2 protein chains.
Amino acid sequence: MFNLILSLNMEQNRYNQITITDIAKALKINPSTVSRALSDSSVVKSSTKKKIKEYAVKHNYQPNYAARSLQKKKTHTICILLPKIVVHEFFGKILLGVQREAQKHGYRCLILPTNYDLHKEINEIKNLLNGGTDGIIMSYQSDGTSDDYVNELIERKIPLVFVDIAPPNLKVSKVIIDDIHAGYMATKHLLEAGASQIACISGPRNVINLQRVQGYQKAINESKSNLNTDLIIFNEKIIEGEQLGMVCSEKLLKKYPQLDGVFATTDMLATGLIKVAKKQNLRVPEELKVIGFSNWAISMLYEPSISTVDQPGFEMGMKAAQLLFSKISATSKVSEETVIIKTKVIRRESSKVN
Amino acid sequence: MFNLILSLNMEQNRYNQITITDIAKALKINPSTVSRALSDSSVVKSSTKKKIKEYAVKHNYQPNYAARSLQKKKTHTICILLPKIVVHEFFGKILLGVQREAQKHGYRCLILPTNYDLHKEINEIKNLLNGGTDGIIMSYQSDGTSDDYVNELIERKIPLVFVDIAPPNLKVSKVIIDDIHAGYMATKHLLEAGASQIACISGPRNVINLQRVQGYQKAINESKSNLNTDLIIFNEKIIEGEQLGMVCSEKLLKKYPQLDGVFATTDMLATGLIKVAKKQNLRVPEELKVIGFSNWAISMLYEPSISTVDQPGFEMGMKAAQLLFSKISATSKVSEETVIIKTKVIRRESSKVN
DNA sequence: TTGAAAGCGGTACCAG
DNA sequence: CTGGTACCGCTTTCAA
């Protein structure tokens with residue numbers, strides 16, 4: 001009975017939450033004072049502040065996000081747009097890094113998986129433009145033909161940071177790795193492990209792959225061995241990485257039995273390659289040394305374990321979020337910054353010296 | 001110059017977004033009419049509706065989330081609490097399913113990774129209670145000692161659906177699999193493949209593992225072979241699944257050389273097990289048949305490929321979201337529902353008949 | 001069919 | 001140091 005009366009007087013919210021006005025009424029003070037007290041304003045007398053805070057805690061007061069957002073024109077939400085999140089280990093790690101950093105800043109993190117569908121992506125972004133988010137972290141997945149949506153974000157001055165892949169011709173903030181250098185180091189690792197006839201297998205000719213291959217070429221050129229450009233294989237087909245690796249390796253290994261090393265631009269390709277090698281009774285690493293790229297779980301678990309280039313997604317995500325928050329909290333425009341995260345070669349069985 | 005004047009009159013928002021009031025002023029009609037028109041109310045004359053909509057599209061009007069939330073007391077956001085998201089393939093798939101369904105309903109999806117830290121989890125939930133979210137999907141990770149926070153959610157009537165694991169003694173909606181049955185089917189598969197001395201390796205004694213083991217016991221009991229309870233191994237240590245599998249399998253395989261089958265309650269355990277078997281020159285599947293659980297990527301990629309129980313995360317996530325939305329949109333209380341998603345044994349090399 | 005006005009929960013400005 | 005009040009953008013009565 002008493003409860004009924006109570007519930008008629010206050011806690012009328014959807015989820016029975018108490019509001020600032022409730023507190024004010026109960027304590028017979030003005031809502032504005034309550035607001036000030038709860039945000040620890042120095043102007044409020046400490047005794048009233050104490051009284052208010054105690055009441056708030058006791059009644060489990062929680063500020064209403066929507067109301068605060070509306071007033072402050074801040075959502076306390078950042079948004080991350082990634083393709084294939086989750087299913088893709090690397091993106092997953094990025095996400096974790098962003099999340100960690102967001103938590104520090106008291107921000108929430110909205111996640112939009114795009115599945116590589118650019119049009120959906122653009123639509124999502126439009127939905128975010130008004131009060132949807134305070135900033136965006138995204139990986140650039142366009143083919144370069146329609147960057148209008150990126151331009152729109154820039155024009156509207158929405159804090160924006162690219163991670164992993166950035167649009168090549170726009171002045172934006174980004175957190176990336178040096179794919180050329182990483183490809184170079186990977187190939188060099190094979191050379192140092194004793195390989196001299198080294199091929200390179202890759203997915204489609206996108207920015208990332210082209211750069212990794214470029215690094216490969218550089219390393220080969222620096223070595224004594226002459227580069228046979230036939231030894232570079234791009235695959236434009238969209239099938240699972242492992243399958244793709246098997247298909248293209250089959251031909252490659254048959255055609256060039258003298259090969260003693262392969263740089264695969266992803267771990268999945270490397271996995272497929274080794275499977276084929278085993279079938280053809282080629283021993284890895286004794287007869288063929290292999291290195292992959294990204295340090296996915298599979299590269300460690302596979303037998304033989306696969307050497308790879310560690311691409312520190314978590315760190316990249318954290319750094320991207322840090323950049324984003326510096327933009328969000330900046331009073332004046334911040335200059336565009338490019339952060340290059342260091343990668344390192346991880347030595348495993350697949351490239352052991354004989 | 002003209003732009004300056006324009007920007008003083010309208011588009012004063014943080015991101016230069018136009019508002020309903022702006023449209024009303026420009027068209028010299030009342031904001032309420034604009035609101036009605038934009039939500040397709042049937043009372044508005046079609047000619048004015050058309051005029052308003054055209055203007056809105058032309059000026060790229062987007063409704064303000066915060067304002068709408070505040071007014072409607074709906075956030076159009078659901079929240080998903082999962083441990084280890086991303087890094088954990090299964091949770092990743094759940095997430096994807098939820099997301100897909102949320103998109104259909106025009107909802108956004110807030111993701112909170114909890115890292116198995118219950119206290120953080122509880123704190124996060126508290127933050128969500130007021131206007132933070134319209135509903136919660138979560139996996140129950142508590143040890144059962146402190147379910148207060150679940151009770152609080154229930155008392156506050158916040159739409160709530162558990163996925164994968166649910167609190168055993170509370171009346172809640174949940175989307176789960178029948179772990180007993182799945183364990184039973186997995187073990188039966190080994191029996192049918194010709195194994196008769198079958199062990200079972202498992203992680204810690206949590207609800208999930210206990211049920212899978214229970215299914216194993218049932219299958220063994222039904223078969224002629226007598227169950228040796230020594231052949232059930234629980235591992236309470238918190239180390240990587242694969243390592244754990246290696247450590248416990250080492251002893252197991254040495255102690256019981258007569259073993260010809262193992263049911264591992266996770267794919268990672270199975271991977272570790274097979275690694276050890278190979279080292280001890282035990283041929284899989286010829287001498288030892290193995291089945292794992294969850295159908296992670298590794299189980300397909302490993303050599304030999306590992307038979308497993310498919311746990312359809314995507315479907316579970318979708319179903320959970322559907323349940324949640326039925327609760328959110330319900331006018332009166334909906335009864336608690338338990339949905340059991342079907343699992344199936346996936347036959348691969350590791351359990352091939354000799 | 002449209003307009004006027006109130007209010008969702010907070011914040012911030014101006015007075016006192 | 002505190003109270004009063006307007007307002008953030010949108011929806012929803014109530015009147016007209």
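For B:Val262, the residues 5 or more places off, or on other chains, whose built amide H falls under 5 Å of its own are B:Ala199, B:Lys289, B:Val290, B:Ile291.
Between amide H atoms placed 1.01 Å from N, distances below 5 Å from B:Val309 occur with B:Gly292, B:Phe293, B:Ser294, B:Asn295, B:Ile346, all of them 5 or more places distant or on a separate chain.
From largest accessible area down, sort B:Tyr140, B:Tyr65; use a 1.4 Å probe on the protein chains.
B:Tyr65, B:Tyr140
Which shape class, rounded, prolate or oblate, goes with segment B:127-270 when its Cα gyration tensor gives a ≥ b ≥ c as root eigenvalues, a/c under 1.5 marks rounded, and past that a/b bigger than b/c marks prolate? Cα axes put segment B:127-270 in the prolate bin.
How large a share of the accessible area of segment B:301-343, in percent, is made up of carbon and sulfur atoms when the probe is 1.4 Å and the other protein chains stay in place?
53
Of all DSSP beta bridges confined to the protein assembly as shown, the antiparallel ones make up roughly 10%. Overall, the anisotropy analysis places chain A in the prolate class: the square-rooted eigenvalues a ≥ b ≥ c of its C-alpha gyration tensor yield a/c not less than 1.5, with a/b exceeding b/c. Take B:Thr338, push a point 7 Å out from Cα through the beta-carbon direction, and compare it with the same point in every other copy: 5.8 nm, smallest first. Solvent-accessible surface (1.4 Å probe) assigned to A:Glu222 amounts to roughly 100 Å².
Put simply, the amide H of A:Arg108, placed in the peptide plane, has neighbours under 5 Å in A:Thr77, A:Ile78, leaving out anything fewer than 5 places away on its chain.
In order along segment A:300-316, the phi-based Karplus estimate (6.51 cos²θ - 1.76 cosθ + 1.60, θ = phi - 60°) of 3J(HN,Hα) comes to 7, 7, 5, 10, x, 5, 9, 4, 7, 9, 6, 10, x, x, 4, 4, 4 Hz; Gly and Pro are listed as x.
Quick check: from the Cα gyration tensor, does the protein assembly as shown come out rounded (a/c under 1.5), prolate or oblate? It is oblate, given that a/c is not under 1.5 and a/b is not larger than b/c.
Post the alpha-carbon centroid distance, segment A:188-239 to segment B:27-84, in whole angstrom. After rounding, the separation between the Cα centres reads 53 Å.
Within the straight-line cut-off of under 14 Å between alpha carbons, the aspartates and glutamates reachable from A:Lys50 are A:Asp40, sequence neighbours fewer than 8 places apart in one chain being disregarded. For A:Lys45, list the aspartates and glutamates whose Cα falls under 18 Å from its own Cα; do not include residues on the same chain fewer than 8 positions away. Here the aspartates and glutamates satisfying the reach criterion relative to A:Lys45 are A:Glu54. Taking label points 7 Å from Cα along the Cα-to-Cβ direction, B:Arg205 and B:Glu287 give a separation of 3.3 nm.
Compared with the dominant principal axis of the Cα atoms in chain B, helix B:89-104 is inclined by about 30°. Ranking A:Leu153, B:Leu38 by solvent-accessible area of protein heavy atoms (1.4 Å probe, all protein chains present), from largest to smallest, gives B:Leu38, A:Leu153. Each other copy places its own label point for B:Asn169 at 6.7 nm from this one, sorted shortest first, where the point lies 7 Å along the Cα-to-beta carbon line.
The trypsin sites (Lys or Arg not before Pro) of segment B:225-290 that meet both conditions, a loop assignment by DSSP and at most 13 other Cβ atoms within 10 Å of the site Cβ, are B:Lys237, B:Arg283.
Computed from Cα atoms, the angle from the helix A:267-279 axis to the main principal axis of chain A rounds to 30 degrees. Once the Cβ-Cβ distance of B:Lys25 and B:Ser46 is raised to the sixth power relative to R0 = 22 Å, the FRET efficiency obtained is 0.50. Using a probe of 1.4 Å on the protein chains alone, the accessible area found for A:His59 is around 60 Å². Taking the Cα atoms only, what angle lies between the long axis of helix B:207-222 and the longest principal axis of chain B, rounded to 10 degrees? On a 0 to 90 degree scale, this one is about 40. Here B:Lys50 sits with roughly 130 square angstrom of accessible surface, probe radius 1.4 Å. Label-to-label distance for A:Glu336 and B:Gln214 is 6.0 nm, based on points extended 7 Å past Cα in the beta-carbon direction.
Stretching A:Lys278 away from A:Lys74 to a fully extended chain increases their span by 67.7 nm, per 0.36 nm per residue minus the current alpha-carbon distance. Under 24 Å of direct C-alpha separation, and excluding same-chain neighbours fewer than eight residues apart, A:Lys279 reaches these lysines: A:Lys237, A:Lys251, A:Lys254, A:Lys255, A:Lys289, A:Lys352, B:Lys275, B:Lys278, B:Lys279, B:Lys289, B:Lys352.
The values are calculated or read from the model by the stated rules, or taken from the named source; none is laboratory data. Just so you know, these numbers come straight off a predicted model, no measurement behind them. So basically every Cβ, Gly included, is an ideal-geometry build from the backbone, and we count neighbours across all protein chains shown. Only protein heavy atoms, including side chains, enter the accessible area calculation; ligands, DNA and RNA are left aside. Shrake-Rupley method; radii C 1.70, N 1.55, O 1.52, S 1.80 Å.
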